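The values are calculated or read from the model by the stated rules, or taken from the named source; none is laboratory data. As the structure is a prediction and not an experimental result, all values here were calculated from the model. When we count neighbours, we look across all protein chains shown, and the Cβ atoms used for this are built from the backbone with ideal geometry, even at glycine.
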Ligand code: SF4
């Protein structure tokens, strides 16, 4: 095949990944998804929210003799309306993998992991961690959790560790995806409050996707966009020609990290044209004057020069945003995973505020969530914020939580936790000696991976609690605790639009694996603090405790009585407070209340009820390309069939057929030609931190001087540069300097 034909073929395949996902969504059976084993006749069906992404689709899981044999997409759930992406259709497959952790494993003196009983595992857990704490202080043990376990487990973990075990510092992998959105919302709106409902995808006139590729990363959300009957303008801001960019009406293929300048330029032009909603600004915001003053240093021409987008095109976009049409902004990791992500997210929030595009159908500055329960983690992981979005440093907050939980207030630490990278830095300095990883694979997913592995050597004891004994992190653990996975336990997730949805146990966990909830109960017993958690005797009991803890907070869902109500209501969005819904407490939610957005009344969560304009001068890329490392490495999701470190998606025969097995990099025709690269040739990619060999995929999806590597292959994080947003402390995965050569 000639190079030109090859490129055409690759482009077709790239386009097709979006189209393929669409077809998989619409005709799953044609791809072998959702097959009913011939011997299985389902005799019951249970609704359960999918355990992968933050879309929060509901799946109908079909049971035979009480165990799941198959599933289909729930047609009556307001999120997915009968659709599911390949990962959802294959959600049961990872449960049957042969490398499931089925018994605790403890590393012996010979360095080998050996099967032990739960009693031995618990004795080791307690004696090692208590030993470390008595020698080095309580803060010498820490934990890193996840956005993948149910909210009840997340809250139990954070409470057990901090109130029961005396741990001070714990964080989770939501730091790697949503911390920036959290911080941006808190500063701008006064609380972590994504304002939208998915109906807004269908009701916008202009949708602006920034650093987001919903065609493959959130395919069901993209299907909701496709249902929009308003002939919307779809604008994609992305340095890469992604599947979504190809399907958009406008692609602004910006120079990497010029996005903040771009949005300030657009804001400056909107002010210049007088297209702001002055009455909304006056009534509902603070510091607009300061923002206008700040914008004097920015202009459309400057934005055009730095982003590489024609000024006339930017002028058209500015006029569109200020036109009075329904405009919505949507972002994901291209924004969150940036060294200036908080200000970048807020540059979109500013645009929404100044044009009055918030609180109305089809509007909003909307962060799309990564993991299935990132929102549950944000509210109840008890890591960097106290339960319910409270503050560890606030005396009243601690007293209130202690009263509701019936525990002594002295059990609650009065200091903020360190964030993920600060915890690892503390390990590196020798201050943290014991680490507990729960349902996360840091040895693959953490930025600048080789440093994580070096740091691990400084730990006295590493515990990994996971479904599989084969993850990169479990392989280097001292103790592996076998956990049940999605489908093997009950609880709730909260999705991107704040919808609390039920997750159900539809299979028994293999061997001696226990639900994370029961592992925490066991640890509480062996640690000697079970009394503090005597009311946490089931996931649903824990859910009711959390509902009480939410009362009076913006996330108040105190009118939800339990799982049956969630199931009968198609999930319930927070807020759902008793103060407003007391009459219907326990009853299915009224149809008109099933799609709700925040701020319809213009009241934000700061004490004066107003939103704030937040802004700051853009900064240079932390590791810009130079003579030695002249190419920018971009990273992101590869296909709709891959999830994060592929711990689960690699277990499905069907999904494995839908994505490339080996790591690859997309490279432009110009760069490939300069290197003399043939299609599918081998490419060496080197950064100051590592060297990897990958397959070259020659495509016009990336611009010359840039390459793209998917995050799912562990080679990618051998290269990434450890920079962090100063406010959210989220890693900046998306751009670093590399050099490339032909192997
Ligand atoms: Fe699951 Fe997300 Fe796919 Fe829906 S879009 S089926 S929630 S992975």
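If the condition is being more than 19 Å from residue 565 (Cβ to Cβ) and touching a residue at least 24 places away in the same chain (Cβ under 8 Å), then segment 56-72 contributes 57, 59, 61, 62, 63, 64, 67, 68, 69, 70, 71, 72. Do we have residue 731 as touching a residue at least 24 places away in the same chain (Cβ under 8 Å) and closer than 17 Å to residue 176 by Cβ here? Against the criterion (touching a residue at least 24 places away in the same chain (Cβ under 8 Å) and closer than 17 Å to residue 176 by Cβ), residue 731 qualifies.
Scan segment 564-585 and tell me whether some residue there is in contact with a helix residue (DSSP H, G or I) (Cβ under 7 Å, 6 or more places away or on another chain), closer than 28 Å to residue 401 by Cα and surrounded by fewer than 19 Cβ atoms within 10 Å (Cβ to Cβ). Checking segment 564-585: at least one residue is in contact with a helix residue (DSSP H, G or I) (Cβ under 7 Å, 6 or more places away or on another chain), closer than 28 Å to residue 401 by Cα and surrounded by fewer than 19 Cβ atoms within 10 Å (Cβ to Cβ). The number of residues in segment 41-54 being more than 16 Å from the ligand (Cβ to nearest atom) and either crowded, with 23+ Cβ neighbours inside 10 Å or not in a strand (DSSP E or B) (or both) comes to 3. All of 497, 564 fail the test of being without any contact (Cβ under 8 Å) to a residue 24 or more places away in the chain and either within 16 Å of the ligand (Cβ to nearest atom) or within 26 Å of residue 220 (Cβ to Cβ) (or both), apart from 564. Filtered by the rule that a residue be closer than 16 Å to residue 557 by Cβ and more than 15 Å from the ligand (Cβ to nearest atom), segment 485-494 gives a lone residue, 491.
Could we say that residue 703 is over 30 Å from residue 354 (Cα atoms), more than 16 Å from the ligand (Cβ to nearest atom) and part of a loop (DSSP other than H, G, I, E, B) here? The answer is yes for residue 703. Would you point out the residue of segment 111-125, among those that are part of a strand (DSSP E or B) and either within 16 Å of the ligand (Cβ to nearest atom) or without any contact (Cβ under 8 Å) to a residue 40 or more places away in the chain (or both), that is nearest to residue 569 (Cα to Cα)? Per the criteria, the residue is 115. The set of residues in segment 55-66 being out of contact with any strand residue (DSSP E or B) (no Cβ under 6 Å at 6 or more places or on another chain) and within 10 Å of the ligand (Cβ to nearest atom) consists of 55, 57. Scanning segment 248-271 for residues that are surrounded by fewer than 23 Cβ atoms within 10 Å (Cβ to Cβ), part of a strand (DSSP E or B) and in contact (Cβ under 8 Å) with a residue 60 or more places away in the chain turns up just one, 250.
Residue check: is residue 108 without any contact (Cβ under 8 Å) to a residue 12 or more places away in the chain and more than 16 Å from the ligand (Cβ to nearest atom)? For residue 108, the condition - without any contact (Cβ under 8 Å) to a residue 12 or more places away in the chain and more than 16 Å from the ligand (Cβ to nearest atom) - is met. Just one of the listed residues (69, 25, 79) is within 16 Å of the ligand (Cβ to nearest atom) and modelled with pLDDT of 90 or more, and it is 79.
Sort out which residues of segment 616-630 are surrounded by 12 or more Cβ atoms within 10 Å (Cβ to Cβ) and out of contact with any helix residue (DSSP H, G or I) (no Cβ under 7 Å at 6 or more places or on another chain), and write them in order of number. If the condition is that a residue be surrounded by 12 or more Cβ atoms within 10 Å (Cβ to Cβ) and out of contact with any helix residue (DSSP H, G or I) (no Cβ under 7 Å at 6 or more places or on another chain), then 617, 619, 621, 622, 623, 624, 625, 629, 630 are the ones that fit. When the test is whether a residue is in contact (Cβ under 8 Å) with a residue 12 or more places away in the chain, within 29 Å of the chain's Cα centre (by Cα) and either over 30 Å from residue 281 (Cβ atoms) or crowded, with 21+ Cβ neighbours inside 10 Å (or both), residue 596 does not pass it.
In segment 126-224, counting only helices (runs of 4 or more DSSP H) that sit wholly within it, the ones holding 1 or more residues that are buried (at least 24 other Cβ atoms within 10 Å of the Cβ), away from the ligand (no atom under 16 Å from the Cβ) and at pLDDT below 95 span 179-189. Here the helices (runs of 4 or more DSSP H) wholly within segment 330-397 that include at least 2 residues being within 18 Å of the chain's Cα centre (by Cα) and within 16 Å of the ligand (Cβ to nearest atom) are 374-380.
Take residue 375 and decide whether it is modelled with pLDDT under 95 and crowded, with 20+ Cβ neighbours inside 10 Å. Considered against the rule, which asks whether it is modelled with pLDDT under 95 and crowded, with 20+ Cβ neighbours inside 10 Å, residue 375 comes out as yes.
Looking across 84, 91, one residue alone is surrounded by 19 or more Cβ atoms within 10 Å (Cβ to Cβ), within 12 Å of the ligand (Cβ to nearest atom) and over 27 Å from residue 472 (Cβ atoms). It is 84. Residue 416 falls short on exactly one of the conditions (1) in a helix (DSSP H, G or I); (2) surrounded by fewer than 21 Cβ atoms within 10 Å (Cβ to Cβ), and that condition is (1).
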